[in-house]
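The next block holds one structure in the form of structure tokens; read it before the comments.
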Amino acid sequence: MDLVVLHGPPAVGKLTVARALAARTGLKLFHNHLTLDAITAVFDFRSPGYLKLRELYWLEMFAAAAQEDVSLIFTFMPETSLAPGFADRARAAVEGHGGRLRLIELTAPTATVEARLNAPSRAEFAKLRSVKDLRELTALGWLDYAMPPSELTLDTSRMSPEDAAEAIASALALPRATA
């Protein structure tokens, strides 16, 4: 079982690349907003209940998938409301059942990120869409969350989502989807 984590700041194309990777490999896609949107239906963003359930839900899903040998693609934005060491806890959740954590960092220049924030696709989920808000949060250190080294780092401004998916699949030796 592989847990392929596509991580990076807002609007670098995590979900877009994840969808292309899922189509290319047949791996299941468990993107960040499936959890976040469900929790914010009940709890305020960053409230104690939200913070507790967010990580609990992620880790339980990873462990259950590893137990059943179901490989996943997970999109994730490391930010400072997470307790330090999340990647280590995710690794333990999958490795405890014979799985592997595969970290892939997606990046893009600030100008590209800011231009993508208003993309209509970002309205599908409760995603950050304001350049002003992103700049304020960045200035406050919101994205200054330490992650372990990734197996691969891709600048999504330099390639299509399909090319990024192919690069990830090749680097990780992931299977090709069967028709």
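Just a few scattered comments:
- Residue tally, condition modelled with pLDDT of 95 or more and surrounded by fewer than 14 Cβ atoms within 10 Å (Cβ to Cβ), over the range 129-150: 2
- Taking the range 148-179 as the range and being more than 15 Å from THR25 (Cβ to Cβ), among the aliphatic types (A, V, I, L, M) and touching a residue at least 40 places away in the same chain (Cβ under 8 Å) as the test, only LEU154 passes.
- Where a residue in the range 64-85 is farther than 19 Å from LEU34 by Cα and its partner, wherever it lies, is part of a loop (DSSP other than H, G, I, E, B) and among the acidic types (Asp, Glu), with Cβ under 7 Å and at least six apart: THR80/ASP144
- Some residue of the range 35-46 being among the aliphatic types (A, V, I, L, M), over 11 Å from the mean Cα position of the chain (by Cα), more than 23 Å from ARG91 (Cα to Cα) and assigned to a loop (DSSP other than H, G, I, E, B): yes
- The range 89-119: number of residues that are surrounded by fewer than 16 Cβ atoms within 10 Å (Cβ to Cβ), in contact with a strand residue (DSSP E or B) (Cβ under 9 Å, 6 or more places away or on another chain) and within 30 Å of GLU136 (Cα to Cα): 1
- A Cβ distance below 8 Å, combined with a sequence gap of six or more or placement on separate chains, defines the contacts here; from the range 108-127, residues that are assigned to a helix (DSSP H, G or I) reach residues that are modelled with pLDDT under 65 in the pairs GLU114/VAL131; ARG116/ARG122; ARG122/LEU128; ARG122/ARG129; ALA123/ARG129.
- The range 33-49 residues that are in contact (Cβ under 8 Å) with a residue 12 or more places away in the chain and under 18 Å from ALA83 (Cβ atoms), paired with ones that are outside any helix (DSSP H, G or I) and among the small types (Gly, Ala, Ser) (beta carbon under 7 Å, 6 or more apart): LEU36/ALA126; ARG46/SER81
- Selection of the range 58-88 for residues being surrounded by fewer than 16 Cβ atoms within 10 Å (Cβ to Cβ) and either closer than 16 Å to LEU27 by Cα or of a type outside the set (A, V, I, L, M, F, W, C) (or both) yields GLU60, ALA64, GLN67, GLU68, ASP69, GLU79, THR80, SER81, PRO84, GLY85, ASP88.
- Exactly one residue out of LEU29, LEU59, LEU21 is in a strand (DSSP E or B) and at pLDDT 95 or above, and it is LEU29.
The values are calculated or read from the model by the stated rules, or taken from the named source; none is laboratory data. Please read all numbers here as calculations on a predicted model, not as lab measurements. For neighbour counting, all protein chains shown are included, and Cβ atoms are generated from backbone atoms with ideal geometry for every residue, glycine included.
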